[in-house]
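The values are calculated or read from the model by the stated rules, or taken from the named source; none is laboratory data. Predicted, not measured: the structure shown is a model, and the values here were computed from it. Heads up, the Cβs are rebuilt from the backbone with ideal geometry, glycines too, and the neighbour counts pull from every protein chain shown.
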Amino acid sequence: MDHATFDPTQPLGLIGLGAMGGPLARRLLAAGQPLVIHTRQPAAAAPFEALGAQWVESPSAVASRARTALTVLPSPREVEAVVFGPSGLAEGFTAGATLIDMTTGAPSATRALGARLAERGVTLLDAPVSGGPKGAASGKLAVWVSGDEAAFTAHAPLFARLGDRVMYLGALGAATTAKLAHNCANYGIQMVLAEVFTIGVKAGLPPETLFAALRQGSLGRQNIVDRLADQFLPGDFDQVAFALDLAFKDVSLAADLAREAGVPARMAQMTLADMTEARNRGWGQKDSRVAMRVQEERAGVDIQVPRETLARILENDK
């Protein structure tokens, strides 16, 4: 399907004016983007109307006035209701329209939604973001987009207004997959940090001192995601930065400290379990990240990326 390049002088639909949608709306309006909005409570639209947005009485009315619409909603349930519920977007869209869903949802739900819209000649792009409300307000947002590549290219001017890091990931659902992986890692790391802080503080270290120390170590100095390019992603665990045997010793001592301090350390115990399995396979003198292979095998997936590909990704992000 051919897609005309997005025209920022034409109305853009927007449904969802909460923690993320509200700051996005304000920034778009400040940039001169005409907005057609819908809220269940008309009073909630008043601050945006004061900035120049046009409130309409239903999602279908949004779709009838805008060839492109954004949804920024809490979950797939709300997206389904806004698109296919009574007076939903689907009723107002005409063939050739585009819906950009910025909701963090489920890849399967996104693909199902896209298929139903395609039957009506409407293109769906899923475009979850990372950066939180502050990023939505400042424009410092990562915007991950998947779906029809021609539609993505046609809407490049809009995506450039939405965030400062825009990336096309491929087929519909890929962007949502990336967002879920990102958030799971983010909050999982938070729980690990909560655990190590409880260990350190209960063992007698002031939290501000521990915070300062962690910032000075490799954990604070290096980008933890970029470090995946050293051994894990290329699958090269013979390039040893720190041997598994030594790492196992350190985590064992940390777990011992937790026991002495009376602190439950579930994350440390799970880490030790996989490290133990890796050492039992004779990998003790390989790089410590070789323990990550245990999860790969458990999941039945082989993760390997050529070093030249990784180098290109890192270089492009400078």
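Going by what's in this entry, would residue 260 be described as touching a residue at least 24 places away in the same chain (Cβ under 8 Å), touching a helix residue (DSSP H, G or I) at 6+ places or on another chain (Cβ under 6 Å) and in a helix (DSSP H, G or I)? It is false that residue 260 is touching a residue at least 24 places away in the same chain (Cβ under 8 Å), touching a helix residue (DSSP H, G or I) at 6+ places or on another chain (Cβ under 6 Å) and in a helix (DSSP H, G or I). Is it the case that residue 94 is among the β-branched types (Val, Ile, Thr), within 16 Å of residue 124 (Cα to Cα) and either in contact (Cβ under 8 Å) with a residue 40 or more places away in the chain or crowded, with 18+ Cβ neighbours inside 10 Å (or both)? Taking the combined requirement at face value, the residue does not satisfy it.
A quick yes/no check of all residues on (1) in a helix (DSSP H, G or I); (2) touching a residue at least 60 places away in the same chain (Cβ under 8 Å); (3) crowded, with 16+ Cβ neighbours inside 10 Å:
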{"site": "208", "(1), (2), (3)": "yes, no, no"}
{"site": "220", "(1), (2), (3)": "yes, no, no"}
{"site": "237", "(1), (2), (3)": "no, no, yes"}
{"site": "253", "(1), (2), (3)": "yes, no, no"}
{"site": "276", "(1), (2), (3)": "yes, no, no"}
{"site": "279", "(1), (2), (3)": "yes, no, yes"}
{"site": "291", "(1), (2), (3)": "yes, no, yes"}
{"site": "308", "(1), (2), (3)": "yes, no, no"}
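Within region 209-241, the residues that satisfy the criterion of being under 30 Å from the mean Cα position of the chain (by Cα) and under 18 Å from residue 282 (Cα atoms) are 231, 232, 235, 236, 237, 241.
Here the condition is being modelled with pLDDT under 95 and at negative phi; of 231, 222, 190, it holds for 222 alone. Being buried (at least 18 other Cβ atoms within 10 Å of the Cβ), farther than 21 Å from residue 159 by Cα, assigned by TED's automatic domain parsing to the domain that holds residue 121 and in contact with a helix residue (DSSP H, G or I) (Cβ under 8 Å, 6 or more places away or on another chain) is a property that does not hold for residue 105.
When region 36-51 is filtered for residues that are assigned to a helix (DSSP H, G or I) and either in contact (Cβ under 8 Å) with a residue 24 or more places away in the chain or in contact with a Leu (Cβ under 8 Å, 6 or more places away or on another chain) (or both), the ones remaining, listed by number, are 44, 45, 48.
Taking region 71-91, which residues are surrounded by 20 or more Cβ atoms within 10 Å (Cβ to Cβ) and under 19 Å from the mean Cα position of the chain (by Cα)? Scanning region 71-91 gives 71, 72, 73, 79.
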